[in-house]
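A.B. asks: What follows is a single structure, and I will ask about it in a moment.
The values are calculated or read from the model by the stated rules, or taken from the named source; none is laboratory data. In this text the structure is predicted, and so the values were computed from the model without any measurement. As a convention, Cβ positions derive from the backbone with ideal geometry for all residues, glycine included, and neighbour counts pool all protein chains shown. These area figures cover heavy atoms from the full protein model, side chains too; ligands, DNA and RNA do not enter into them. Shrake-Rupley method; radii C 1.70, N 1.55, O 1.52, S 1.80 Å.
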Amino acid sequence: MNKKLAMLGLGVAVGSMMLVTSVYAGVGEAPGYEAFKTAVKQTATIKNVTRQVNVSLQDNGASLLQVKSTIKTAGADQVGSAQVNVLNGTNEQQTIQFYSQDGKQIIKTADSDVYKVIEGDNAPAKFKGHNKGNHTADPEVISEVENVVDALVGNLKNYVTMDDAAGNGKEIHFKLSGSQISPIVNTVGSLVIKHGTMVKDEPMPTKANTLGIDLATLRNSLPQLASDISMDEVEVNASVDGDDHITSQSAQIHLSGKDEQGAEHDVVLRIDMTLSSLNSTTPDTIDLNGKQVENVKFDDMSGHKKWGEKN
């Protein structure tokens, strides 16, 4: 796999970890912490649900990226569907539809009439149901992860607030700024953003090798911060129902820094997630009869190299 793409993927993964750590950073052994941790774990067990996830990224008030997605999962044999709409700062838009049905994974982009089908032994493990609905996480691993998170939390547990809501629900909120934010989280965030800037001019796989998805658009929408990078504020709000499921959650992160020319930037990342149709979701399906279909070998998507193979 292209090493720079792998590093970009790593950056996204680390960035996600950073966000999760930030989410936990305002909670500790207080009641709000226990309530939120329980809700996170309980929500993760839901197999049949509709998730709406919206992401926006602004730099000095100007929109860099907007992502709106609807993800439907049924739980059985990883049946599901998703639609993702991406709009960058220059109003370039791409829409991606994904279907997992009948043992096949189907992807279509709005700028093509072709449905690309990945199936059989060439599909990667994550598409082949490697994580089936009956998979149960190792309790020991979960405990170890919680210990790591708790260690990163430090003494920030007192910044969370929790209020009762209708139907035995809860409203959980915390806001951290300045020195309240863990130095570790701040450092990791700075490294991720710097790396994203470093790979900006590196070649990316063509759309032909990524099932028609334009990865360059996503990468070029990253804020171009090079120095004095700081996470200035983190705010999270979560609504939890009486069954300890997070039905809605929003996170807003403020970053600041300078670009290579020394100009200052104020970056705001916002993520909103809503869960609905718990245990009553029916994923979308597509009838391929009469459609243009292309069967894709996964090897063909990476310049005739298998994903994970080194250059």
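A.B. asks: Using the structure shown, decide if residue 179 is in a helix (DSSP H, G or I), modelled with pLDDT of 70 or more and open to solvent by less than 90 Å² (accessible area, probe 1.4 Å).
C.D. replies: When the stated conditions are applied, residue 179 does not pass them.
A.B. asks: Among the residues of segment 38-62 satisfying the criterion of being buried (at least 16 other Cβ atoms within 10 Å of the Cβ) and of a type in the set (Ser, Thr, Tyr), which is farthest from residue 107 (Cα to Cα)?
C.D. replies: Only one residue fits best here, namely 43.
A.B. asks: Can you tell me how many residues in segment 253-278 are in a strand (DSSP E or B) and either within 21 Å of residue 71 (Cβ to Cβ) or in contact with a Cys (Cβ under 9 Å, 6 or more places away or on another chain) (or both)?
C.D. replies: 8
A.B. asks: Follow-up. Does residue 231 satisfy being open to solvent by 40 Å² or more (accessible area, probe 1.4 Å) and among the aliphatic types (A, V, I, L, M)?
C.D. replies: When the stated conditions are applied, residue 231 does not pass them.
Listed here are the residues, each with its yes/no results for (1) open to solvent by 70 Å² or more (accessible area, probe 1.4 Å); (2) at pLDDT 70 or above.
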residue	(1), (2)
102	yes, yes
111	yes, yes
116	no, yes
121	yes, no
125	no, no
141	yes, yes
150	no, no
169	no, yes
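A.B. asks: In addition: I'm checking my understanding of the structure. Among residues of segment 65-95 that are part of a loop (DSSP other than H, G, I, E, B) and not acidic (Asp, Glu), which one is most open to solvent (accessible area, probe 1.4 Å)?
C.D. replies: 91
A.B. asks: A further question follows. Quick check on segment 243-263: of everything there that is touching a residue at least 24 places away in the same chain (Cβ under 8 Å) and open to solvent by 50 Å² or more (accessible area, probe 1.4 Å), which residue is nearest to residue 100 (Cα to Cα)?
C.D. replies: Filtering segment 243-263 for residues that are touching a residue at least 24 places away in the same chain (Cβ under 8 Å) and open to solvent by 50 Å² or more (accessible area, probe 1.4 Å), the one nearest to residue 100 (Cα to Cα) comes out as 243.
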